[in-house]
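Novice: My questions all concern the structure below.
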């Protein structure tokens, strides 16, 4: 065999081997899998621009936070930022929850410090990439809008309270958030001090020389706080905070108290017949009404004190001594007393638990 014949044979054999292996740049029938698609981009939040993400429902009653969606928040310059999370599902509201992470550590979390059920976190953040995690409180599907802005500078809170002049204080969320206002009394005066919040539960305390003289949570309208007391001349502190230490604004006002109207003498009660009386606001005797009751036959008697709007209290009194009193033994927060009584003159004393003005209907009947 010549060299030329050998080279031609080798060339043919090479072509056959290439064909058997499926080689060739123009082979379109390759069996290798296509490369995986790139992972979805993580949503990002920019200062001042809302971003909406969809949170899927968590099935089987699992932890709501397992359905959280994470968003990147790149803080270009250190500062005080305010981030909110607002949840919806169609026309219905949802309860958005939120946490802020940095370098794998949780800096803060919140549920309801914003309007309604919105989450709001106001916090000093360092420069760098942060993570905002959002989820729905009850594991429901939701669309959650996340917004981060540079927190507006808070106006300094007033430090002095002038009698009759309301002062507004702004409280941040936090376990120690409170405001103290100096209040100076020159002459003995009966003051009514109110702490009012339009969307939260305001609390109030009167402090002197570091000691709490009196405190209150709900004696005002709704869940607002109110204290009415005689102030001797001296320096006091009016301290206010929010019940759950949430961010809020509280209006504080101490003004001379309006004299409580004196309750008209109540007529005698008739067994089995309801007696309705108006209870004025006020502590002690000023906020009580006494109804005379005469018992002619010994035996068990049942007395009820009912208020449809407030918390009725009741006591049975004889010769100035309280024989028995009750708060909530009746329906709801109404009062009921069942007791054996001997013939004689008694008084049914009624008042409101938080010393608020209300109307109370008292009834006494024989039997249990």
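The values are calculated or read from the model by the stated rules, or taken from the named source; none is laboratory data. Since we're looking at a predicted model, the values are computed, not measured. Cβ atoms come from the backbone with ideal geometry, glycine included; neighbour counts cover every protein chain shown.
Novice: Please work out if residue 115 is surrounded by fewer than 13 Cβ atoms within 10 Å (Cβ to Cβ), under 18 Å from residue 248 (Cβ atoms) and in the same structural domain as residue 87 (by TED's automatic domain parsing).
Specialist: Spelling it out, residue 115 is indeed surrounded by fewer than 13 Cβ atoms within 10 Å (Cβ to Cβ), under 18 Å from residue 248 (Cβ atoms) and in the same structural domain as residue 87 (by TED's automatic domain parsing).
Novice: Still on this model: Just one of 161, 171 is assigned by TED's automatic domain parsing to the domain that holds residue 231, farther than 27 Å from residue 60 by Cα and in contact with a strand residue (DSSP E or B) (Cβ under 6 Å, 6 or more places away or on another chain); which is it?
Specialist: 171
Novice: Separate question: Within the stretch 190-201, work out how many residues are surrounded by fewer than 16 Cβ atoms within 10 Å (Cβ to Cβ) and either over 16 Å from the mean Cα position of the chain (by Cα) or closer than 18 Å to residue 235 by Cβ (or both).
Specialist: Residues flagged as surrounded by fewer than 16 Cβ atoms within 10 Å (Cβ to Cβ) and either over 16 Å from the mean Cα position of the chain (by Cα) or closer than 18 Å to residue 235 by Cβ (or both) within the stretch 190-201 amount to 1.
Novice: For the stretch 207-222, what are the residues that are modelled with pLDDT of 85 or more and part of a loop (DSSP other than H, G, I, E, B)?
Specialist: Within the stretch 207-222, the first condition is being modelled with pLDDT of 85 or more, and the residues that meet it are 207-218.
If the condition is that a residue be modelled with pLDDT of 85 or more and part of a loop (DSSP other than H, G, I, E, B), then 209, 210, 217, 218 are the ones that fit.
Novice: Could I ask something else about it? Just to be sure, is residue 93 more than 20 Å from the chain's Cα centre (by Cα) and not assigned by TED's automatic domain parsing to the domain that holds residue 178? I'd like the intermediate steps shown before the answer.
Specialist: On the way: more than 20 Å from the chain's Cα centre (by Cα): no; not assigned by TED's automatic domain parsing to the domain that holds residue 178: yes.
No.
Each row is one residue, and each column tells you yes or no for (1) more than 47 Å from the chain's Cα centre (by Cα); (2) modelled with pLDDT of 70 or more.
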| position | (1), (2) |
| --- | --- |
| 25 | yes, no |
| 28 | yes, no |
| 38 | no, no |
| 41 | no, yes |
| 47 | no, yes |
| 51 | no, yes |
| 60 | no, yes |
| 63 | no, yes |
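Novice: Test of understanding: among 120, 129, which residue is within 19 Å of residue 244 (Cβ to Cβ), in contact with a strand residue (DSSP E or B) (Cβ under 7 Å, 6 or more places away or on another chain) and either crowded, with 20+ Cβ neighbours inside 10 Å or in contact (Cβ under 8 Å) with a residue 12 or more places away in the chain (or both)?
Specialist: 120
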